[in-house]
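What follows is a short report on a single structure.
The values are calculated or read from the model by the stated rules, or taken from the named source; none is laboratory data. It should be emphasised that the depicted structure is a prediction, and the values quoted were computed from it without experimental measurement. Using ideal geometry, Cβ is built from the backbone for each residue, glycine included, and neighbour counts are taken over all protein chains shown. SASA here: full protein model, heavy atoms, side chains in, ligands and nucleic acids out. Shrake-Rupley method; radii C 1.70, N 1.55, O 1.52, S 1.80 Å.
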Amino acid sequence: VGAEVPKGYNGTDFGDIPLIVEKGECGQNQNETVNGVRWMIDNRRNLVIYGEGNMNDFESPKTTGSNTKRELISNQIIAPWFNRSELFDNIKIIGKVYKVGSNAFAYLEQVQTITLNDALKTINDFAFESMSKVETIELKKGIETLGVGVFKNCANLTRITVTTDNMKYQSIEGV
């Protein structure tokens, strides 16, 4: 695909600048002079959500039969990366993304790590549902609202930490 890498994502975690494999839009900004929220999948197996604004809400990507087959039940409005999930194992939310949409990452069972940004304020309902390989997550200082079932059926999620500068939530013994 080849395109510019988002501001704030320079690939230093990997030693060089990653290449973009897939990309698109997934939210808008109230300020029309800003592009809104975008996504990309890089060649380092990262799904990166970036830009400024709120992610869209999506329908739950419920499937028939095996989740590996991924046959959707109807014409659902699902996250655009759902049927590209074989391309990534990690999710990184960077920049000025303020809201993770409902069902945004639900049923992405292959994902191993989730990295959230400081600007994130809201995680909507079932955003990370049924992500069975995620073991830990850190909620940053900006988190003010957690929706219903945000981490529902995350069987291996054993630790949720909250940064000490978060004014709304705190973690007590990893929960």
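Quick notes
- Candidate set from segment 158-171 (those that are part of a loop (DSSP other than H, G, I, E, B) and touching a strand residue (DSSP E or B) at 6+ places or on another chain (Cβ under 9 Å)); member that is modelled with the lowest pLDDT: Ser171
- Taking segment 88-105 as the range and being more than 9 Å from the chain's Cα centre (by Cα) and either among the acidic types (Asp, Glu) or open to solvent by less than 10 Å² (accessible area, probe 1.4 Å) (or both) as the test, the residues that pass are Phe88, Asp89, Val97.
- Of all residues in segment 122-157 being assigned to a strand (DSSP E or B) and under 17 Å from Glu109 (Cα atoms), the one that is most open to solvent (accessible area, probe 1.4 Å): Thr136
- Failed criterion for Val97 (all others in (1) part of a loop (DSSP other than H, G, I, E, B); (2) out of contact with any Asp or Glu (no Cβ under 6 Å at 6 or more places or on another chain) hold): (1)
- Condition met for Val175 (under 22 Å from Gly27 (Cβ atoms) and either modelled with pLDDT under 95 or open to solvent by 80 Å² or more (accessible area, probe 1.4 Å) (or both)): no
- For Ile160, the stated conditions do not hold, so it cannot be described as closer than 21 Å to Val21 by Cβ and either in contact (Cβ under 8 Å) with a residue 40 or more places away in the chain or surrounded by 15 or more Cβ atoms within 10 Å (Cβ to Cβ) (or both).
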